[in-house]
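Below is one structure, written out as structure tokens; the observations come after it.
The values are calculated or read from the model by the stated rules, or taken from the named source; none is laboratory data. This structure is a prediction, so every number in the text was calculated from the model and none was measured. Cβ sites come from the backbone with ideal geometry, for glycine too, and all protein chains shown count toward neighbours. Heavy atoms of the whole protein, side chains included, go into the accessibility calculation; ligands, DNA and RNA do not. Shrake-Rupley method; radii C 1.70, N 1.55, O 1.52, S 1.80 Å.
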Amino acid sequence: MPASDWGVLIADDEPAARRGVRQLLARFPAFAIVGECRDGAEVLAALDVLNPHVVFLDVQMPGIDGFEVIRRRTPERMPALVFLTAYDQFAIRAFEAQALDYLVKPVSEARFAATMSRLSRQLGGTASAGREPAIVVTTARGATVVPVREIDWIEAADNYARIWSGGHSYLLREPLRALETRIESQGFLRAHRRDLIRLAAVRTLTWTATGDQVAVLASGARIPISRRRRAAFTAAVRSL
């Protein structure tokens, strides 16, 4: 079976819990993470855009909880559903909602492997249709799905990350370092301690009058390259 046959959406308001699922999923290359959400509103938006085959859904999330997500979406329109929660009292409701499995945190590798085996059997030979990775952000107008391929660069903003895409910026409640581990395989590279650039967005590399190297992006943004990262960054851009 080819790699990344099935798209996975992870929905949990705790960064550590999302990271734990990412780490457990790393052992199953047929499953690719296409998005992560922190609340029910983001889940509903991501389901419409990303169409994942599987969703790992936390029960208790801010605003719209996991069961309300299913009620609004309807069980018939949900992908394969695995509940992920710190509490075991919701198990009966979970299976009434047609969940494939119910995992109680912390999840052991053996228990998770059993769930993945069940998922593989249920999904059978349904391969993905080129689902692209995306990041779900919350704005004043609601949840927005930003395809990773449309991101120009990302900058650190204290414990947040600011995503720049097509001249617009979105504030994501996630540290830059954590976000980097999610998307580094999508063609992003650190240019500086505070900046992460999508290499395909680089139009040219230039130098300032003071001898500093700068990446000029297709959007017109100019991002400085730190001295210790110059060689690796230049080599990566030239290899495209």
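Of these, Ala91, Ala16, Ala26, which one is of a type outside the set (Val, Ile, Thr), surrounded by fewer than 24 Cβ atoms within 10 Å (Cβ to Cβ) and at pLDDT below 90?
Going through Ala91, Ala16, Ala26 in turn, just one is of a type outside the set (Val, Ile, Thr), surrounded by fewer than 24 Cβ atoms within 10 Å (Cβ to Cβ) and at pLDDT below 90: Ala91.
Are any residues in region 192-240 in a helix (DSSP H, G or I) and among the basic types (Lys, Arg), and if so, which ones?
Selection gives Arg227, Arg228, Arg229, Arg230, Arg238.
Please give the strands (runs of 3 or more DSSP E) falling wholly within region 104-180 in which 1 or more residues are of a type in the set (A, V, I, L, M) and at pLDDT below 85.
Ranges flagged: 134-139, 142-147.
To keep it simple, each residue is scored yes or no on (1) more than 20 Å from Ala134 (Cβ to Cβ); (2) touching a residue at least 60 places away in the same chain (Cβ under 8 Å); (3) surrounded by 12 or more Cβ atoms within 10 Å (Cβ to Cβ).
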| site | (1), (2), (3) |
| --- | --- |
| Arg162 | no, no, yes |
| Arg194 | yes, no, yes |
| Trp207 | yes, no, no |
| Thr210 | yes, no, no |
| Ala215 | yes, no, yes |
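Taking the condition under 20 Å from the mean Cα position of the chain (by Cα) and either over 30 Å from Tyr87 (Cβ atoms) or part of a loop (DSSP other than H, G, I, E, B) (or both), does Leu189 pass?
yes
Pick from region 94-113 the residues that are exposed (fewer than 15 other Cβ atoms within 10 Å of the Cβ) and among the acidic types (Asp, Glu): which of them is farthest from Ile10 (Cα to Cα)?
Glu96
So Asn51 fits all but one of (1) at negative phi; (2) touching a residue at least 60 places away in the same chain (Cβ under 8 Å); (3) polar (S, T, N, Q); what number is the exception?
It is condition (1) that Asn51 fails.
Checking the conditions here, which among Leu179, Leu199 is free of Cβ contacts under 8 Å to residues at least 60 places away in the same chain and either open to solvent by 60 Å² or more (accessible area, probe 1.4 Å) or over 23 Å from Pro15 (Cα atoms) (or both)?
Answer to the selection: Leu199.
Ala221 passes all but one of (1) touching a residue at least 60 places away in the same chain (Cβ under 8 Å); (2) open to solvent by 40 Å² or more (accessible area, probe 1.4 Å); which number fails?
(2)
Tell me, yes or no, whether region 74-85 has at least one residue that is touching a residue at least 24 places away in the same chain (Cβ under 8 Å), of a type in the set (Val, Ile, Thr) and buried (at least 19 other Cβ atoms within 10 Å of the Cβ).
Checked against the condition, which is being touching a residue at least 24 places away in the same chain (Cβ under 8 Å), of a type in the set (Val, Ile, Thr) and buried (at least 19 other Cβ atoms within 10 Å of the Cβ), region 74-85 yields at least one hit.
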